[in-house]
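In what follows, a single structure is set out as structure tokens and then discussed.
The values are calculated or read from the model by the stated rules, or taken from the named source; none is laboratory data. Note that the structure is predicted; figures quoted are calculated from it, not measured. Every residue, glycine among them, receives a Cβ derived from its backbone with ideal geometry; neighbour counts consider all protein chains shown.
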Amino acid sequence: MSDGKTIAFFPEQAYGPALNSVGIAQACAELGHEPVFITDPSMEGLFEDYGFEEHYVDMSDPDMTAEEKARYWDDFINKHIPNFDKSPQEQIDNYIVETWDAIVETAEWSQQGLPDVLDDVDPDLIAVDNVILFPAIKQHGVPWGRISSVAETEIPDPAVPPHLSGCRADDYDAQHEFECEFKEVIKPVQERFNEFLEEHGEDPYPLGQFFEPSPYMNLLLYPEPLQWDRFIPLDPDKFQYLEGCVRQEETYDVPEFENDDDPLLYLSFGSLGAGDTDLMQRLIDFLGTQDFRCLVNVGEYGDAYDEEDIPENVHTSDWFPQPSVVEQADVVLHHGGNNTTTECLYYGTPAVVLPYAWDGFDNATRVEETGHGFTLHRSDWTAEELSEKLEACVTDEGIQANMEAAAEHMQSVEGTEKAARLIDEVLEEHA
């Protein structure tokens with residue numbers, strides 16, 4: 001093992017990548033290194049709660065108030081709720097292009113303060129978990145690694161469906177249509193980003209590309225049970241699969257229910273998806289008719305629900321220690337976020353996925369086509385359809401066997417520990 005080194009983690013301004021980096025940082029700390037976090041001020045306190053030092057860089061207009069910063073992505077997502085009933089291809093010219101435009105803006109703002117923050121931190125290695133390049137990371141003069149907390153489709157390959165498309169592996173016509181429309185719509189955003197890259201001494205990227213592989217280390221959280229057969233295999237000296245990255249979290253004590261003999265169901269649409277309170281209330285009403293004990297994550301929107309409208313078999317909260325809950329659950333109902341998807345596989349808990357945006361569509365399709373659960377349209381479902389899928393998750397022997405095999409494999413690898421070992425190897429090689 002290399003001597004204790006400073007490792008700067010710089011995750012995306014979102015809870016999924018942030019918490020994945022926490023898991024890896026915990027394992028790095030156990031090896032004797034000093035992980036620190038670089039983050040937007042809107043995420044202040046998140047990493048300190050896990051015992052890590054925080055350093056702040058503005059990823060949006062610094063003149064925004066702290067409250068405005070904290071609400072930025074929530075407001076952005078809530079504005080697009082009407083678009084979330086659309087297919088991935090129908091979202092290209094609204095949600096997808098606007099999201100990429102906003103992401104480019106985070107890179108532009110970050111570049112103004114990031115070099116000074118890196119000088120202050122003086123890291124021996126930088127681990128960035130984002131979907132876009134920050135020139136200061138690449139140019140700081142120490143090894144940098146890329147962590148990919150999204151679907152494996154982010155790393156393109158002729159045999160892998162386009163990122164964000166939600167296409168099945170064998171639906172080549174749909175893949176082609178999505179790819180063509182995406183490149184046509186994204187072109188102005190790409191031109192803006194390429195101008196930014198050239199201003200900061202970097203070569204422009206090809207159309208549709210916003211990041212590049214690290215020459216040192218690329219860690220993909222995607223698990224083997226969902227992987228595609230690539231036409232061009234990834235170089236194992238540069239790319240490694242982590243089989244998920246489940247962080248250490250407190251144990252959750254499931255509350256008592258009157259129907260304590262029924263299976264346990266967990267519902268979460270993530271911190272951002274919880275904003276569609278109408279859909280969440282519809283799901284809560286539906287769960288009240290089912291023979292499940294239900295834990296429902298309502299995020300910061302708890303005030304939107306009348307306690308009298310919460311069924312007896314449903315318990316809501318603004319936060320759950322999710323790994324512990326998923327481990328105890330019999331079935332999960334979620335939006336296809338990468339964390340929830342990998343945690344379900346890690347603990348062998350099947351899921352019904354109701355995707356609404358981004359790589360949730362990719363994960364939902366892949367979960368179903370590999371026999372690890374089901375997917376339905378986020379809102380265009382009947383009570384009979386959803387009930388049938390949930391029941392199959394609990395009783396279908398094929399799905400249960402697939403989930404058991406996935407859990408056994410992923411837990412034997414321990415992604416956080418593997419990531420820490422790989423980071424340690426890079427530090428030792430480039431000491």
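Observations, loosely collected:
- Scanning segment 235-254 for residues that are aliphatic (A, V, I, L, M) and crowded, with 17+ Cβ neighbours inside 10 Å yields L242, V246.
- Considering residues of segment 336-394 that are among the acidic types (D, E) and more than 13 Å from the chain's Cα centre (by Cα) only, the residue nearest to D276 (Cα to Cα): D380
- Yes/no for T340 being buried (at least 24 other Cβ atoms within 10 Å of the Cβ) and assigned to a helix (DSSP H, G or I): yes
- Taken as a whole, the condition of being at pLDDT below 95, more than 20 Å from Q400 (Cβ to Cβ) and either part of a helix (DSSP H, G or I) or assigned by TED's automatic domain parsing to the domain that holds G16 (or both) applies to E300.
- The residue that is nearest to A383 (Cα to Cα), among those in segment 274-297 that are in a loop (DSSP other than H, G, I, E, B) and under 19 Å from the mean Cα position of the chain (by Cα), is D276.
- Any hit, segment 251-263, residues being touching a helix residue (DSSP H, G or I) at 6+ places or on another chain (Cβ under 6 Å) and under 30 Å from D380 (Cα atoms): yes
- Condition met for V325 (outside the structural domain of L19 (by TED's automatic domain parsing) and more than 16 Å from the chain's Cα centre (by Cα)): yes
- Residue match in segment 227-238 (condition: within 17 Å of the chain's Cα centre (by Cα) and in the same structural domain as E98 (by TED's automatic domain parsing)): yes
- Each residue in segment 343-358 was checked for being touching a residue at least 40 places away in the same chain (Cβ under 8 Å), among the β-branched types (V, I, T) and outside any loop (DSSP other than H, G, I, E, B), and 1 pass.
- If you filter segment 51-71 down to residues that are among the hydroxyl-bearing types (S, T, Y) and surrounded by fewer than 19 Cβ atoms within 10 Å (Cβ to Cβ), you find that the one that is farthest from V121 (Cα to Cα) is T65.
- Matching residues in segment 208-220 - criterion: being free of Cβ contacts under 8 Å to residues at least 60 places away in the same chain and either closer than 17 Å to D157 by Cβ or not assigned by TED's automatic domain parsing to the domain that holds S149 (or both): G208, Q209
- Residue match in segment 149-157 (condition: touching a strand residue (DSSP E or B) at 6+ places or on another chain (Cβ under 7 Å) and under 19 Å from T39 (Cβ atoms)): yes
- Residues that are surrounded by fewer than 18 Cβ atoms within 10 Å (Cβ to Cβ) and either in contact with a strand residue (DSSP E or B) (Cβ under 9 Å, 6 or more places away or on another chain) or closer than 19 Å to C344 by Cβ (or both), drawn from segment 262-280: D262
- Which numbered condition L354 fails, given (1) surrounded by fewer than 16 Cβ atoms within 10 Å (Cβ to Cβ); (2) closer than 29 Å to Q13 by Cα: (1)
- Residues of segment 26-57 that turn out to be without any contact (Cβ under 8 Å) to a residue 60 or more places away in the chain and more than 25 Å from S268 (Cα to Cα), as a count: 10
- Test for E312: is it outside the structural domain of A14 (by TED's automatic domain parsing) and part of a helix (DSSP H, G or I): no
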